[in-house]
Amino acid sequence: MRFKKQISLLLCVVMVFLSATLSSYASDGTNAGTPAIINTAEEITGLVINYFAKLINNIKGTDETAIPPAAVNPHSWIEYNGEPIENPEQRLNAETWVANEIAFESEKSYTNPFNDVDVELHLWGNGRLYKIPAFWDGGNVWKVRFVCPSEGNWYFKTVCTDAENTSLDGRTGAVICTGYSGEHEIYKHGFITTNAGEKYFTYDDGTPFFWLGDTHWGLGDGTGDMVETICEKRVSQGFTVFQSEPIGAKFDFTNGITEEDMAGLADYDEKFRIVAENGLVHANAQFFFSYFIEPLISNNGGFNGNEPSDSAKAYLEKVSRYWVARYGAYPVVWTLGQEVDNDFYWSETNHPEWGLDNNPYKLVAEYLAKHDAYDHPLSAHMENVGSTSVYGNGEGATDNCKVYFKDAMPSCFRDIKAHNFYAVQWHTDKTEQSDFRIEKDCWYNSQGKPAINYEGQYCYLWTKNFGSRMQGWTAYLNGMYGYGWGGHDTWSYLNVYDEENDSSDGVDTITSEEKINATWQDALEYESSYQAGYMRDFLENTEWYNLIPRFDNKAYFVPANNVYYVYAGNEDNTEIVIYFYSFTDETVAQNVNTKFYGGIKTGTIGSLVPNGRYTYQWFNPISGEFSEEYEFTATRFGTYYIGDRPQATDMALRIRAADKF
């Protein structure tokens, strides 16, 4: 114990002395190259700190332990080698993973079609059986949407709860399915999924999926033409996910589904179809804005003590099944509702009947999963991290994790089996080095599930291009393998929320006038929407899914004075990516975010192979351009002092072991 204290004391003395030395040689506001004496001092500082950091890690240990695997639900399909149907009523052609629709008209009328009868399609082929719910679509029409996940011969037969209605029960068909012939990756590789212990999404065939989302909470208010234009643009910019909520939708699920809802549902169907035809994954919230879950329960039996009554639960399952039936054959992700984890800001939004303990969206999660034949990923859109984080302070959690971020409550979905990723709402400070508390909580405490930055600050509402760009880099390199970009006013069409106020993220001010004048067409051209695609291009030129965030572990990286960064490397440190977000170039934002030479300096990399050969390239996240490739040889201590960046802007650096790439 005395030895560890002596090491810590010596380390502090060295850091204080060298920091004072550096400050005495620095000058404010310059983008000129760092003087040699400062570089020399920084190099010595980095080597010393790196040495002691590795020594302390060896003595005290680190948090760099294996990510625990999550409990995984068994797949919904059933192993089944059913017989072919010799004389099917219908014969169809299909392509793998592309939605198909069949309509059945009932010869019998029902007083309340939504409640009186259910229809299910049993689809089998290639040793699998899928049970797919159908939905009432007005009048006497029931429809079913399905996909065939593999090539070959498939067969189907309907099952109706009213077995005497032969126009709905016992209908048969055969499908000849061939491989997808188009250009979209989602249909080439299959719907996305999560896997136990993996912190990123994959396609069905195991190929890593890069989540880059565009935010549209007011999907109900948008037109089909608008959605088409947005999707085409976002695909060209490199986005892969369309994140939506049904605010403004022209249907009402709070008290039954009736003929009056059909026009609104048809309009919503068209938007889902457009998103799917553009090859985007559709991360969608269910039913309505979150507040309306309370009138839904009240209108259908209310609460029985601290939980919904049996009749309310039955109705909630009914509408969950209906949502899956309409949209489950598309490449989707279920996100439940606006900020419902852990309780939709219970103390602020006046819904006294439910909170985190009896959150009815836990039931919605279970019901969606129960009826989802294709096992789409499911999460609950989280409150901002000031209120809810993955584990937070751990209060009420049933598992025992290390507390990294005590300022927030834990997710209330940790024990929900249907829940298989965290949709975090987070943005890091734009004007100082992160302390990595939230990032560590998301990485170490997420039960082996992905935890993504689902919602950050919106461009031209609370931040501008630097902030929007930087949020994506800090998410991915902190192990949050997904980023939801958002722009005003595509994030919620024609929404005047906070438009009356000026806002600042510390480097840029967004005036009320700028907010009011922003249009959805403007949001398509914000620089950061292109720059998010540049980030994707850069990371897909690495094995990003193998990068491990090293946070503030100075055995891997020691930043120079006033330098802000995020660092990730693969297991053996043969591929490293560092993003530097301190800058003194005044073209980046209205205000610089650091002082002295912090906008152009870097730091010292550690944990390299002693005397090993490495290559490195700089990447400009503003323009999407790479520098030439350079080489260096690590010191005999396994370190390397990087020196100055090519520019005093935010920049990314990729380092690779020369003998591995």
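Regarding Thr519, is this residue open to solvent by 10 Å² or more (accessible area, probe 1.4 Å) and polar (S, T, N, Q)? Answer is yes for this residue. Taking into account only those residues within region 595-632 that are in contact (Cβ under 8 Å) with a residue 60 or more places away in the chain and over 16 Å from Pro646 (Cβ atoms), which is most open to solvent (accessible area, probe 1.4 Å)? So the residue we want is Lys595. The residue that is nearest to Pro450 (Cα to Cα), among those in region 199-238 that are open to solvent by 30 Å² or more (accessible area, probe 1.4 Å), assigned to a loop (DSSP other than H, G, I, E, B) and in contact with a Gly (Cβ under 7 Å, 6 or more places away or on another chain), is Asp204. State whether the residues of region 498-507 include one that is crowded, with 21+ Cβ neighbours inside 10 Å and either within 13 Å of Tyr458 (Cα to Cα) or within 21 Å of the chain's Cα centre (by Cα) (or both). The answer is yes, given that some residue of region 498-507 is crowded, with 21+ Cβ neighbours inside 10 Å and either within 13 Å of Tyr458 (Cα to Cα) or within 21 Å of the chain's Cα centre (by Cα) (or both). Of all the criteria given as (1) under 28 Å from Gln457 (Cα atoms); (2) touching a residue at least 60 places away in the same chain (Cβ under 8 Å); (3) not basic (Lys, Arg), the one not satisfied by His371 is (1). The set of residues from region 633-661 being touching a residue at least 40 places away in the same chain (Cβ under 8 Å) and part of a strand (DSSP E or B) comprises Tyr641, Met651, Ala652, Leu653, Arg654, Ile655, Arg656, Ala657.
Scanning region 376-407 for residues that are over 25 Å from Gln457 (Cβ atoms) and assigned to a loop (DSSP other than H, G, I, E, B) yields His376, Gly394, Glu395, Gly396, Ala397, Thr398, Asp399, Asn400, Cys401, Lys402, Val403. Within region 249-259, how many residues are over 18 Å from Arg273 (Cβ atoms) and open to solvent by less than 30 Å² (accessible area, probe 1.4 Å)? Looking only at that region, the number is 4. Taking each residue of region 21-47 that is among the β-branched types (Val, Ile, Thr) and looking for partners that are at pLDDT 70 or above with beta-carbon atoms closer than 6 Å, six or more apart or interchain, yields Thr21/Ala41; Thr34/Tyr597; Thr34/Lys601; Thr34/Asp644. The condition of being touching a residue at least 12 places away in the same chain (Cβ under 8 Å) and more than 21 Å from Pro559 (Cβ to Cβ) holds for only one of Gln433, Gln471, Gln447, that being Gln447. Counting just the residues of region 446-494 that are among the β-branched types (Val, Ile, Thr) and outside any loop (DSSP other than H, G, I, E, B), which one comes out nearest to the chain's Cα centre (by Cα)? Among residues in region 446-494 that are among the β-branched types (Val, Ile, Thr) and outside any loop (DSSP other than H, G, I, E, B), the one nearest to the chain's Cα centre (by Cα) is Ile452.
Conditions (1) farther than 27 Å from Trp462 by Cα; (2) over 29 Å from the mean Cα position of the chain (by Cα); (3) of a type in the set (S, T, N, Q), marked per residue:
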| site | (1), (2), (3) |
| --- | --- |
| Leu524 | no, no, no |
| Asp552 | yes, no, no |
| Ile578 | no, no, no |
| Val588 | no, no, no |
| Asn591 | no, yes, yes |
| Gly603 | yes, yes, no |
| Phe619 | no, no, no |
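In region 427-442, the count of residues that are under 17 Å from the mean Cα position of the chain (by Cα) and open to solvent by 30 Å² or more (accessible area, probe 1.4 Å) is one or more. Note on region 295-314: residues that are part of a helix (DSSP H, G or I) and either of a type in the set (D, E, K, R) or over 17 Å from Pro246 (Cα atoms) (or both) total 8.
Selection within region 266-294: residues that are among the β-branched types (Val, Ile, Thr) and either assigned to a helix (DSSP H, G or I) or under 30 Å from Pro308 (Cβ atoms) (or both). The member of this set that is farthest from the chain's Cα centre (by Cα) is Ile293.
Under the condition of being of a type in the set (Phe, Trp, Tyr) and crowded, with 17+ Cβ neighbours inside 10 Å, the residues counted in region 633-649 number 2. Within region 130-144, the set of residues being outside any loop (DSSP other than H, G, I, E, B) and open to solvent by less than 20 Å² (accessible area, probe 1.4 Å) comprises Tyr130, Ile132, Pro133, Phe135, Trp136, Trp142, Val144.
Just to be sure before I move on: is Ala325 in contact with a Gly (Cβ under 6 Å, 6 or more places away or on another chain) and either at pLDDT 95 or above or farther than 30 Å from Glu527 by Cα (or both) in the structure I sent?
Spelling it out, it is not the case that Ala325 is in contact with a Gly (Cβ under 6 Å, 6 or more places away or on another chain) and either at pLDDT 95 or above or farther than 30 Å from Glu527 by Cα (or both).
Note on region 145-164: residues that are free of Cβ contacts under 8 Å to residues at least 60 places away in the same chain, surrounded by fewer than 18 Cβ atoms within 10 Å (Cβ to Cβ) and not hydrophobic (A, V, I, L, M, F, W, C) amount to 6. The listed residues are Tyr530, Tyr579, and the only one of them that is part of a strand (DSSP E or B) and either modelled with pLDDT of 95 or more or touching a strand residue (DSSP E or B) at 6+ places or on another chain (Cβ under 9 Å) (or both) turns out to be Tyr579.
Matching residues to (1) in contact with a Leu (Cβ under 7 Å, 6 or more places away or on another chain); (2) small (Gly, Ala, Ser):
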| residue | (1), (2) |
| --- | --- |
| Lys199 | no, no |
| Thr207 | no, no |
| His216 | no, no |
| Thr229 | no, no |
| Lys233 | yes, no |
| Ser236 | no, yes |
| Val241 | yes, no |
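Only residues that are within 18 Å of Leu265 (Cβ to Cβ) and of a type in the set (Val, Ile, Thr) were counted across region 323-340, and they come to 2. Here is a check on your reading of the model: is Lys402 closer than 27 Å to Val558 by Cα and crowded, with 19+ Cβ neighbours inside 10 Å? Judged against the criteria, Lys402 is not a match. Residue check: is Val563 part of a loop (DSSP other than H, G, I, E, B) and at pLDDT 95 or above? The answer is yes for Val563.
The values are calculated or read from the model by the stated rules, or taken from the named source; none is laboratory data. Predicted model, so just to flag it, every value in this text is computed and none were measured. All Cβ positions, glycine included, derive from the backbone under ideal geometry; neighbour counts span all protein chains shown. For accessibility, only protein heavy atoms count, side chains too; no ligands or nucleic acids. Shrake-Rupley method; radii C 1.70, N 1.55, O 1.52, S 1.80 Å.
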